[in-house]
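K.L.:
One structure follows; several queries about it will come next.
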């Protein structure tokens with residue numbers, strides 16, 4: 001189970017070692033990870049910190065999404081990245 005308070009979009013890049021991510025529900029929240037799993041981990045804790053910072057500055061905080069989604073974009077780059085990461089970890093990852 002992925003425990004995120006807001007939806008997340010992860011985008012594969014041309015460089016198979018980097019993914020970008022952002023939340024369409026949480027303005028200004030972005031980040032970079034080295035894998036889909038890394039993005040999910042960083043997003044989970046980053047969202048907590050981002051919300052805390054918004055509150056400290058007296059800025060509006062959106063309500064958590066009751067059914068957040070995770071979307072992974074740029075499939076051609078994703079296939080290359082997952083193949084590279086799987087080879088590094090010597091595990092098999094399936095990409096639809």
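None of the figures in this text is laboratory data; all of them are computed from the coordinates on show. Just so it is clear, the model here is predicted, and its values are computed rather than measured. Note that each Cβ is placed from the backbone with ideal geometry, even for glycine, and that neighbours are counted across all protein chains shown.
K.L.:
Among 2, 72, 10, what is the fewest-to-most ranking by other Cβ atoms within 10 Å? Please report the intermediate quantities before stating the final value.
P.N.:
On the way: 2 10, 72 17, 10 22.
Result, fewest neighbours first: 2, 72, 10.
K.L.:
Please arrange 65, 39 by counting, for each residue, the other beta carbons lying within 10 Å of its beta carbon, fewest first. Mind showing how you got there, number by number?
P.N.:
Details: 65 16, 39 26.
The fewest-first ordering by Cβ neighbours comes to 65, 39.
K.L.:
For the residues 41, 22, what sequence is obtained by ranking on other C-beta atoms within 10 Å, fewest first? Walk me through the numbers before you get to the answer.
P.N.:
Working: 41 12, 22 18.
Ranking 41, 22 by Cβ neighbours within 10 Å, fewest first, gives 41, 22.
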